[in-house]
Amino acid sequence: MWSTLADLFVHGSIWSLLAVGGMNATLADIQRYAVDTRHWVTGEQFVTFFSITQAAPGPNGMAVALIGFQAAGLSGALVSTIAKILPSSLMAYFVSAWVERRQDSRIVAAVRKGLAPVTVGLLVSAAYVFARETDVNVSRALCTLVCAAVAYRSKLNPIYLVAASALLGLAGVFG
Amino acid sequence: MTAPTAASSSEMTTPGAPPVPTSFALFKAFFFIGLTGFGGVLPWARRMLVERLGWLTSREFAELLPLAQLLPGPNVANIATVLGRQYRGAKGAAVAVFALYLAPTIITIGIGYAYARWGHAPVTAHLFAGLMPAATGLVIATVLKLVTSLPRGVASIVLVAATFISIALMKIPLLIVLAVLGPLGTITMLRRAQKD
């Protein structure tokens with residue numbers, strides 16, 4: 001029990017600090033550890049949890065709380081949530097103060113530009129892991145493509161896409 | 001429609017010296033941002049901070065974004081930390097971040113209990129099957145948007161490919177991948193900046 005909580009805290013903190021360009025960048029690594037290594041959740045549960053928390057209010061990445069819940073109940077959910085929030089917030093607190101003091105931000109700009117392609121690579125990995133788990137039949141793959149195209153081309157609030165897709169699911173379209 | 005006008009007129013009456021929000025005001029603002037952020041919190045945060053409260057101008061919000069995006073963690077959590085710190089120091093940052101996560105944490109834990117109880121019923125299985133394609137599609141859309149914003153060149157393509165291969169295909173831990181590719185990317189971009 002305690003070792004699971006410690007594990008959740010340590011890895012939650014790592015993901016918190018490595019979430020360059022948002023929490024989605026860490027999804028493929030969370031999948032690797034929580035599904036493949038620790039078997040806290042199945043591959044399908046992992047994508048399901050992410051999908052549910054995307055439909056719920058709040059910042060990205062609350063899915064780690066559900067993974068923690070699955071691994072160690074309520075205390076697991078709380079530990080995962082704190083581990084997700086605390087390290088990155090402390091870093092934001094001190095780094096933003098440091099950046100404000102020095103106006104010459106050539107290094108900050110270089111780090112930002114240098115990390116941008118890595119962030120994209122991480123998101124491509126997340127998309128790959130998700131598509132492998134989600135698109136097990138033609139109707140799901142089609143819906144994925146339509147959602148991707150609409151979200152890319154229009155400024156529609158994504159919550160409408162989530163709602164429409166959920167209704168199709170309830171109607172039994174995706175098997 | 002009235003909120004933005006009210007905010008901009010109050011800015012005009014107190015030039016250069018807007019009142020600093022109290023910790024309680026920070027709590028209220030970020031509690032509601034956390035509660036209302038369906039489908040991406042950032043637009044809601046902008047609506048609240050710029051249009052309704054007038055704490056930031058459109059431009060100040062836009063200037064805050066690059067740093068919030070560079071720092072790890074959700075962008076909106078970083079905005080909460082930075083604004084809280086600027087207005088009320090460490091206490092303000094703690095209050096803003098706590099308020100932002102309060103409602104989502106309670107809701108997520110509620111979902112955890114609901115999933116444990118009803119997660120395997122046929123109706124919820126259908127619902128989840130419906131949510132998954134949308135979630136996947138939204139991640140793909142984010143990728144497409146970011147790819148088009150990358151600086152052109154071989155370096156970008158190589159970095160994207162190297163990251164994908166090491167994370168998704170070779171399953172190397174993220175910590176190691178970032179420790180190698182992060183500095184590599186930064187040095188590449190620093191060199192390019194020096195050439196220009």
Item to check | Lone unmet requirement of (1) part of a helix (DSSP H, G or I); (2) in contact with a helix residue (DSSP H, G or I) (Cβ under 6 Å, 6 or more places away or on another chain) for A:Asn60 | outcome: (1)
Checklist outcome for this item: B:Trp118 passes all but one of the listed conditions (1) under 22 Å from A:Gly61 (Cα atoms); (2) of a type outside the set (Val, Ile, Thr); (3) modelled with pLDDT under 95; the exception is number (1)
Checklist outcome for this item: Within segment A:18-57, of all residues that are under 14 Å from B:Ala135 (Cα atoms) and either polar (S, T, N, Q) or outside any helix (DSSP H, G or I) (or both), the one farthest from the other protein chains (Cβ to nearest Cβ) is A:Gln45
Next on the checklist: Can you go through B:Val147, B:Val158, B:Val154, B:Val139 and tell me which one is at the interface with another protein chain (Cβ under 7 Å from one of its Cβ atoms), over 15 Å from A:Phe50 (Cα atoms) and not aromatic (Phe, Trp, Tyr)?
Outcome noted: B:Val147
Checklist entry - Condition test on A:Ser139, is it among the small types (Gly, Ala, Ser), surrounded by fewer than 20 Cβ atoms within 10 Å (Cβ to Cβ), in contact with a Phe, Trp or Tyr (Cβ under 7 Å, 6 or more places away or on another chain) and touching a residue at least 12 places away in the same chain (Cβ under 8 Å)? => result yes
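Being among the polar types (S, T, N, Q) and within 11 Å of chain B (Cβ to nearest Cβ) is the filter here, so list the residues in segment A:1-17 that pass it.
A:Ser13, A:Ser16
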Next on the checklist: Tell me whether segment B:69-80 contains one or more residues that are away from every other protein chain (no Cβ under 12 Å), at pLDDT below 95 and part of a helix (DSSP H, G or I).
Outcome noted: no
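Can we say A:Ser88 is touching a Pro at 6+ places or on another chain (Cβ under 7 Å) and either assigned to a helix (DSSP H, G or I) or under 25 Å from B:Pro151 (Cβ atoms) (or both)?
Against the criterion (touching a Pro at 6+ places or on another chain (Cβ under 7 Å) and either assigned to a helix (DSSP H, G or I) or under 25 Å from B:Pro151 (Cβ atoms) (or both)), A:Ser88 qualifies.
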Item to check | Selection within segment B:148-162 - closer than 18 Å to A:Ala19 by Cα and under 22 Å from the mean Cα position of the chain (by Cα) | outcome: B:Val160
Checklist outcome for this item: Checked segment A:142-157 for anything of a type outside the set (S, T, N, Q) and either without any contact (Cβ under 8 Å) to a residue 24 or more places away in the chain or not in a helix (DSSP H, G or I) (or both); matches are A:Leu142, A:Leu145, A:Val146, A:Cys147, A:Ala148, A:Ala149, A:Val150, A:Ala151, A:Tyr152, A:Arg153, A:Lys155, A:Leu156
Item to check | Selection from segment A:97-127 of residues that are surrounded by fewer than 22 Cβ atoms within 10 Å (Cβ to Cβ) and small (Gly, Ala, Ser) | outcome: A:Ala97, A:Ser105, A:Ala109, A:Ala110
Checklist outcome for this item: Those residues of segment B:124-183 which are aliphatic (A, V, I, L, M), closer than 18 Å to A:Thr26 by Cα and assigned to a loop (DSSP other than H, G, I, E, B) amount to B:Met170, B:Ile172
Checklist outcome for this item: Filter segment A:147-167 for residues that are surrounded by fewer than 18 Cβ atoms within 10 Å (Cβ to Cβ) and of a type in the set (S, T, N, Q); the one that is nearest to the other protein chains (Cβ to nearest Cβ) is A:Asn157
Item to check | Test set (1) more than 7 Å from chain B (Cβ to nearest Cβ); (2) of a type outside the set (Asp, Glu); (3) surrounded by fewer than 16 Cβ atoms within 10 Å (Cβ to Cβ) - A:Val79 fails condition number | outcome: (3)
Checklist entry - Taking the stated definitions as given, is A:Ser96 at negative phi, at pLDDT 95 or above and in contact with a Leu (Cβ under 7 Å, 6 or more places away or on another chain)? => result no
Checklist entry - For segment B:85-103, which residues satisfy the criterion of being surrounded by 22 or more Cβ atoms within 10 Å (Cβ to Cβ) and either in contact with a Pro (Cβ under 9 Å, 6 or more places away or on another chain) or at pLDDT below 95 (or both)? => result B:Gly92, B:Leu100, B:Tyr101
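The values are calculated or read from the model by the stated rules, or taken from the named source; none is laboratory data. All figures in this text were calculated on a predicted structure; none of them were measured in a lab. Note that each Cβ is placed from the backbone with ideal geometry, even for glycine, and that neighbours are counted across all protein chains shown.
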